[in-house]
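Notes to accompany the following structure.
The values are calculated or read from the model by the stated rules, or taken from the named source; none is laboratory data. Because the structure is predicted, anything quoted here is derived from the model rather than measured. Here Cβ is always computed from backbone atoms with ideal geometry, including for glycine, and neighbour counts include all displayed protein chains.
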Amino acid sequence: MMWKKGVNALVLTLAAVLLAGAAHATTIVFDYSYDYNHFFSDENRKAVLKKAGAFFSKVLTDDLLPIESSDGNTVTASFTRPDTGKSAEISGFSIEADTIKIFAGGRIFKNPSTLGEGGPGGYSISYSDSDWKTKVITRGETPDESGVKGEQAYDFAPWGGAVSFNLNAEWFFDTTPWDDSDLPENKNDFFSVALHEIAHVLGFGTCDSWENLVNGDKFTGQKATEVYGENPPLYGDKSHWAKGTMSTVLGILQEAAMDPSLTTGHRKYMTELDLAALDDIGWDIAPVPVPSALWLLGSGMAILAAARRRKSS
C-alpha cells in the first residue's frame, strides 16, 4: 500500500478554516424523526454526519426558493424511511429558502455488505396557482419544469431526501475528519459513507439531469470529462463511477468517492471528478481548489489497491 504523507501545517490551516466556517448559499439540515432504530442516539454520530453535510453546504452555492404549503397550494413530500426502507409521506410540507432537508437513520439491509443508501425525495402537489407549482418544482433553478425533470432536464432542485446506514456494520466515527491518521484498519469510515450517500440525495446517479448525461457505460458531462480527460467510466448500475476510478483532492491522487466501494481503514473525500459531476447535473459548485470547501487529509491518503470489498451503494 502506497501512502503520500501530508503536511502538518496544511492540516492545521484547513482545520482552522473549517472550524471558523464559511459563507454559503445552500444549507443541508438533518432530521432524525425517523431514527426509530436509534442509530444516531450517540451525539458523536450526529456530529460526524453534520460535518459531512457542512462540506456540501460549503461547496454548493445555489440559491433555492422556499417551499411553502398553504390553503389551496400544498406539497406532499415522499421519501424512503431510513428506519424501514418503506415509503413515507408528509403532507403540508414546507422548507426554508436555500435549505435541503435530509431524513437520517439506520436499518439492517438485505445485503449485509451494504453500508448505506441515499436518494432524493419525491413529491405530489395540489395547487391553484400554476406559478407557485413551477417554483416548487424548480426552486427557482430553471424557468420551467422541464429544466429539472424529464428528457430535457439539465438541473436539479430537490427539497431533500433520506439517508440510511447499516446498523450492523463496524463503524468508525471521526469527529476530526480532516485528519485520517487514526483510522482503524478493520472499521468502515462513517464520514466517507455519509459524503457518498448525501451526494446521491443531491442527484449523483439518481436524477434526470444525471440520466440525460449517461451514454452506455460512460458519463458525458462536460465538467467531469474535462477533469478526467475523457468520458468517465460508469459502474454497471450507471449510478456510480466504475470501480477503481481515480481523481484528485487538491492535487493528491485518490479513488473517487462516488465509485461503489470503500475499503475498511480508509477515508475517501469528494474528489475533483465527483464535484465536477455535481456541477454537470446542475449544482453551482464553489471553484476548486478552495481549501475551505475540501476536506484534506491529515497524515496521508492512500492510493487504493485494486482488490477491495464491495461496501457502499
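In this entry, Ala16 is excluded by the filter for residues that are in a helix (DSSP H, G or I) and modelled with pLDDT of 60 or more. In the set (1) surrounded by 17 or more Cβ atoms within 10 Å (Cβ to Cβ); (2) touching a residue at least 40 places away in the same chain (Cβ under 8 Å); (3) within 24 Å of Glu151 (Cα to Cα); (4) not aliphatic (A, V, I, L, M), Glu272 fails one condition alone, (3). Evaluate the following for Val29: is it crowded, with 20+ Cβ neighbours inside 10 Å, touching a Gly at 6+ places or on another chain (Cβ under 9 Å), at pLDDT 95 or above and closer than 30 Å to Ser128 by Cα? No.
Within the stretch 78-102, residues that are within 22 Å of Ser57 (Cα to Cα) have Cβ atoms under 6 Å from residues that are of a type in the set (Lys, Arg) in these pairs: Ile95/Lys101, counting only partners at least 6 apart in sequence or on another chain.
Answer yes or no: is there a residue in the stretch 116-137 that is of a type in the set (A, V, I, L, M), in contact (Cβ under 8 Å) with a residue 12 or more places away in the chain and in a loop (DSSP other than H, G, I, E, B). No - not one qualifying residue is present in the stretch 116-137. Of all residues in the stretch 164-220 being among the hydroxyl-bearing types (Ser, Thr, Tyr) and part of a loop (DSSP other than H, G, I, E, B), which is surrounded by the most Cβ atoms within 10 Å (Cβ to Cβ)? So, considering only residues that are among the hydroxyl-bearing types (Ser, Thr, Tyr) and part of a loop (DSSP other than H, G, I, E, B), the one surrounded by the most Cβ atoms within 10 Å (Cβ to Cβ) is Thr206. Every test in (1) among the polar types (S, T, N, Q); (2) in contact with a Ser or Thr (Cβ under 9 Å, 6 or more places away or on another chain); (3) more than 18 Å from Trp159 (Cα to Cα); (4) modelled with pLDDT under 95 is passed by Asn44 save one, and that test is (4). Among the residues of the stretch 142-155, the ones that are surrounded by fewer than 20 Cβ atoms within 10 Å (Cβ to Cβ) and either part of a loop (DSSP other than H, G, I, E, B) or hydroxyl-bearing (Ser, Thr, Tyr) (or both) come to 8 in all. Residue count for the stretch 240-269 satisfying the condition of being outside any strand (DSSP E or B) and touching a strand residue (DSSP E or B) at 6+ places or on another chain (Cβ under 9 Å): 18. Among the residues of the stretch 126-155, those that are within 18 Å of Phe93 (Cβ to Cβ) and among the aromatic types (Phe, Trp, Tyr) comprise Tyr127, Trp132.
Residues of the stretch 64-86 being aliphatic (A, V, I, L, M) and closer than 14 Å to Lys101 by Cα, which ones?
Passing the criteria: Leu64, Leu65, Ile67, Ala77.
Residues are listed down the side, and each one gets a yes or a no for (1) under 26 Å from Thr76 (Cβ atoms); (2) modelled with pLDDT of 95 or more:
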residue: Val136; (1), (2): yes, yes
residue: Gln152; (1), (2): yes, yes
residue: Pro158; (1), (2): yes, yes
residue: Ala169; (1), (2): no, yes
residue: Asp179; (1), (2): no, no
residue: Pro184; (1), (2): no, yes
residue: Ser192; (1), (2): no, yes
